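Some notes on the structure that comes next.
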Amino acid sequence: MESIGADLRAMQRTPLHASHVEALRAAGTEKSYPAGTIMARPGDPADKFTYVEEGEIEVINPYTDERHLPSSLGPTQFMGEIAFLSGGTVSMAMRAAQDTRVIEVPREAMLSLMAQIPEMSDIVITVFAARRRRQLDERDSTLQLIGEDEDVGVRRIAEFASRNRIPYGSLRLGSPEAAAAAQACAIAPTQPAVIFGRDTVVTDPTPDKIAHLLGVNRDLLHDEAFDVLIVGGGPAGVAAGVYAGSEGLRALVIEDIAIGGQAGTSSRIENYMGFPTGISGGDLVWRGEVQAMKFGTRFALPRRVVALEELEGGAFCATFDNGQRVRGKAVIVAAGVQYRRLPIPRLAEFEGAGVYYAATEIEARYCKGTEAVIIGGGNSAGQAAMYLNRSAHCVHVVVRGPSLAASMSSYLSSRLEADPAVDVAYNAEVVALHGGTHLEGVTLRDAKTGTTREIATRALFIMVGAAPNTDWLSGLVALDDKGYVLTGPAVGAASPYATSHPGIFAVGDIRSGSVKRVASAVGEGSVVVSKVWDYVNSAG
């Protein structure tokens, strides 16, 4: 299956061309660092590109200051990671292993060079993506979570990091590794914790605090102005971000949970053109995020838009859940849908402690060697079942209807029905949850006979009952009777993506009548930008 980047250990290294180096030299400055100099610390701004001309640079362990990796950077190689594109922070400590001479190019100047020289951009981004993949594969990061399995708050950080492709290490509470990390940070070895190197212990950790620490949510100016605000970071929103940036529009993508949206919870997508071996939804959209950042599109995460209003002169103002406001000449509504909270007793009590709305690598770990239960009969549920049965002893798929034919792609339903590790319960529903502080079992009821049975499980996945995210639109656009945004002929608009309000467009799952597929969402997000460009330029 495809991933976010190449395997760093196996990829053939392509050095920058001599002309690329001369361009770096013209845009940057030469600097020399004596052996032993710390060249980057975790949390430092990723604000410069560093090309090595002479010497050697090594990655060091932020807790021990010892050399961390067997390999190092030498002449013709360069420092940096994917956070450089967004202006985030450094995640690995770097030190000059010997006297070293480099060329340093300020971030903005380097991004300009990458826009002007696509061959150089390709080389740099390929290496950055491969470095991120290595960190994810090896769970190698300065960000360390102690007690992920025991503490709901720490687990929430793990889920946020995992879904946003942020590398982190997980240390079992009570293990020698956790004790050593706790000692290095001068905290109690028996308490769950989120730490970032020896100097930073995150108290009362939240996704917002972690995003700020890593520079994921770069500070925006209050009332900062953009050409277009893209609300929603799923396939449609990220595709719009790619094309808006490539057309020279100043764009901001706003996402409240994780880049990828609902598609990001899909563990394997096999029917998306160009990926014959499949790719996870999260990896697919992460690639798009990198493309968008390359073109200058910015991302605000985790940020939820709670209100949208029209200003004098026709511009729009979006208010975030933290009270911050941003302005845009146009708005693309790509907020997608979210799974409804089903009316099952104690459901809220077990959310994050056995009840999940995504089936990614992190949730798969939670049900290893046990039985998993999935509520839903769509493609997301089918993909989750095929993914989870690698780790779970058995996967139960609970479907309200008599078959999967109307709701799931044929290739998926055929696999489920043929897999002995998957049990499909038709005409069934979950009516009760059991457990103490964590889910321990569920009760299933047969809708035809009324009989019930219990399944011992520590993982229930809810992938049914999608509802559109339209409350924040504040009545500015017309909705259908289910809350989806009406567009095109339904509101008398020429563009199929124009809403009833000039300057507001809708794409993807949130649009009434849209095809609820990843490829369709990407297509809509891509083509809507031409109409947005026309509107922005006509508005001045």
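Since every read-out is calculated from the coordinates, none of them should be taken as a lab result. Computed from a prediction, not measured in an experiment: that's the story for all the values here. Cβ: placed from backbone, ideal geometry, glycine included. Neighbour counts: every protein chain shown.
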Residue farthest toward the positive end of the dipole of the chain, with Cβ of Lys/Arg at +1 and Asp/Glu at -1: which of Ala10, His20, His222?
-> Ala10
Identify all aspartates and glutamates with a Cα-Cα distance to Lys329 below 13 Å; exclude those on the same chain that are fewer than 8 residues away in sequence.
-> Asp223, Glu224, Asp227, Glu309, Glu310, Glu312, Asp534
So what's the gap between the Cα centers of the stretch 136-181 and the stretch 419-490, to the nearest angstrom?
-> 29
Which listed pairs, of Lys209/Lys294; Lys209/Lys516; Lys48/Lys209; Lys48/Lys368; Lys368/Lys482; Lys482/Lys531, have C-alpha distances above 31 Å, in listed order | Lys209/Lys516; Lys48/Lys368; Lys368/Lys482
Along principal axes, Cα extents of the chain, largest first, whole Å = 78, 63, 43
Dipole magnitude of the stretch 85-190 about its Cα centre (Cβ charges: Lys, Arg +1; Asp, Glu -1), debye to nearest 20 = 80
Enumerate the whole-percent occupancy of each 10 Å bin, from 0 to the last occupied one, for all C-alpha pair distances of the stretch 111-243.
-> 11, 31, 31, 18, 8, 0
Rounded to whole Å, √(5λ) for the Cα gyration tensor eigenvalues of the stretch 1-96, largest first, gives 20, 19, 15
In the calculated pair distance distribution of the stretch 270-393, what percentage of Cα-Cα distances lie above 25 Å?
-> 48
Where does the stretch 102-152 land on Rg(C-alpha)/(2.2 N^0.38 Å)?
-> 1.70
Simple SL model, points at 7 angstrom along Cα→Cβ for His393 and Arg139; separation in nm is 2.3
Could you estimate the translational diffusion coefficient of the stretch 309-457 from the Stokes-Einstein equation, with Rh from the Kirkwood formula over C-alpha pairs, at 20 °C and 1.002 mPa s, in whole µm²/s?
-> 122
Directionally averaged shadow of the stretch 326-379, computed from the convex hull of its alpha-carbon atoms, nm² | 6.7
For the chain, what does -39500 (n - 2.57) per DSSP helix run (n ≥ 4), summed and divided by total residues, give at 222 nm, in deg cm²/dmol to the nearest 500?
-> -8500 deg cm²/dmol
Relative to the Cα centre, what is the charge dipole magnitude of the chain, using +1 at the beta carbon of each Lys and Arg, -1 at the beta carbon of each Asp and Glu, and rounding to the nearest 20 debye?
-> 640
Charge tally for neighbours of Ser474 with beta carbon under 13 Å away, counting Lys, Arg as +1 and Asp, Glu as -1, is -3
Would you kindly give the portion of the calculated P(r) for the stretch 61-138 that falls above 21 Å, as a percent of all Cα pairs?
-> 34
What is the Cα radius of gyration of the stretch 430-540 over 2.2 N^0.38 Å, N being its residue count?
-> 1.60
Using alpha carbons only, what's the Rg to Rh ratio of the stretch 470-523 with Rh from Kirkwood?
-> 0.94
